Amino acid sequence: MSMRIGIDLGGTKIEGIALDTQGAELFRQRVATPQHDYKATVKAICDLVEAVETETKQTGTVGMGIPGAISPATGLVKNANSTWLIGQPLKQDLESQLDREVRIANDANCFAVSEATDGAAKHANVVFGVIIGTGTGGGICINKQTLIGANAIGGEWGHNPLPWPQTDELPGHQCYCGQYGCIETWLSGPGFARDHLQHSDEKLTAPEIVQAALSGNEKAEQSLQRYEHRMARALASIINVIDPDVIVLGGGMSNIDRLYKTVPELWKEFVFSDRVATRLVSPIHGDSSGVRGAAWLWPN
């Protein structure tokens, strides 16, 4: 099968895309995600694949990104924000109904694969893809192949503690995972907004804080500087472990242009090297990276 079909299963929408052998888009469609209904979700995915193949008059491989992972222990979905998927045999049910193998990966892994294949990191061997929005996800891509890991949690940096914590950052906020001080509680959009509120008594969203900083608001500027320092420490710990060629930022917080200059300056203090060659870049495919990466789960 020469055509690749990618499915991005989100909490509110399911997106399907068809790519030809060169990565050119043949067809794209979005449908609403059936809420709290597993069987209806499976049907919606299968209907979307059928719609793609009807429109293109081709049969394709199917790759899918989900907000969670397939447990290597049980083969069932785990760690999914869309809780009605948890504990379900999603891969088996889709393969049975579509009559072919379906490759499934975490949505942040799909983002990393997309940008490593034909995006901002297409010439890099080792890529760390970051999605920073409502949460803080990550994916590792080596030679354009996603690194899933023995526990299917490769790249999950957001649930490690913020490195080199300062006194006023301890013990940190409680994360939904049950731990305290997780990177996600500091670097997610809501975490950024909470930190600003605590230091300023201003209840602003993450984009509003950035805009206020650009407009000369001193407290917003201080909040953004704290954010940049925390991101630099968090990414330095990743560089010290996997030493990526490129780190690609995605999600809503990746739209803060100054991060790409300030964070690499700040991380030099924490990276265990005399110089840091790792590049921090914005994504080429933006919001489309997840669904494109799902298609690229079939690289050949």
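Given the condition of a type outside the set (D, E, K, R), crowded, with 20+ Cβ neighbours inside 10 Å and under 23 Å from GLY68 (Cβ atoms), answer yes or no: does some residue in the stretch 201-213 qualify? No, there is no match, as no residue in the stretch 201-213 is of a type outside the set (D, E, K, R), crowded, with 20+ Cβ neighbours inside 10 Å and under 23 Å from GLY68 (Cβ atoms). When the stretch 214-262 is examined, which residues are found to be assigned to a loop (DSSP other than H, G, I, E, B), of a type outside the set (S, T, N, Q) and surrounded by fewer than 17 Cβ atoms within 10 Å (Cβ to Cβ)? Of everything in the stretch 214-262, those that are assigned to a loop (DSSP other than H, G, I, E, B), of a type outside the set (S, T, N, Q) and surrounded by fewer than 17 Cβ atoms within 10 Å (Cβ to Cβ) turn out to be GLY216, ASP243, ASP245, ASP257, ARG258.
Within the stretch 188-205, being assigned to a helix (DSSP H, G or I), over 21 Å from GLU218 (Cβ atoms) and out of contact with any helix residue (DSSP H, G or I) (no Cβ under 6 Å at 6 or more places or on another chain) holds for one residue alone: PRO190. For first residues located in the stretch 71-89 and under 20 Å from GLY137 (Cβ atoms), partners that are in a helix (DSSP H, G or I) and lie 6+ apart or on another chain with Cβ distances below 6 Å form the pairs VAL77/LEU85; VAL77/LEU90; TRP84/TYR38. For the stretch 11-46, taking the residues that are of a type in the set (D, E, K, R) and touching a strand residue (DSSP E or B) at 6+ places or on another chain (Cβ under 8 Å), the one that is surrounded by the fewest Cβ atoms within 10 Å (Cβ to Cβ) is identified as LYS13. Checked across the stretch 169-178, the condition of being in the same structural domain as VAL248 (by TED's automatic domain parsing), of a type in the set (Phe, Trp, Tyr), on the phi < 0 side of the Ramachandran plot and loosely packed, with under 15 Cβ neighbours inside 10 Å holds for at least one residue.
Pairing each residue of the stretch 35-60 that is under 12 Å from LEU9 (Cβ atoms) with any residue that is in a loop (DSSP other than H, G, I, E, B) and at pLDDT 95 or above, provided the two are 6+ apart or on different chains, yields C-beta distances under 7 Å for TYR38/GLN88. Here ARG279 does not fit the description of being out of contact with any helix residue (DSSP H, G or I) (no Cβ under 6 Å at 6 or more places or on another chain), within 18 Å of PHE192 (Cα to Cα) and either at pLDDT 95 or above or in the same structural domain as PHE192 (by TED's automatic domain parsing) (or both).
The values are calculated or read from the model by the stated rules, or taken from the named source; none is laboratory data. This is a predicted model, so every value here is computed, not measured. Using ideal geometry, Cβ is built from the backbone for each residue, glycine included, and neighbour counts are taken over all protein chains shown.
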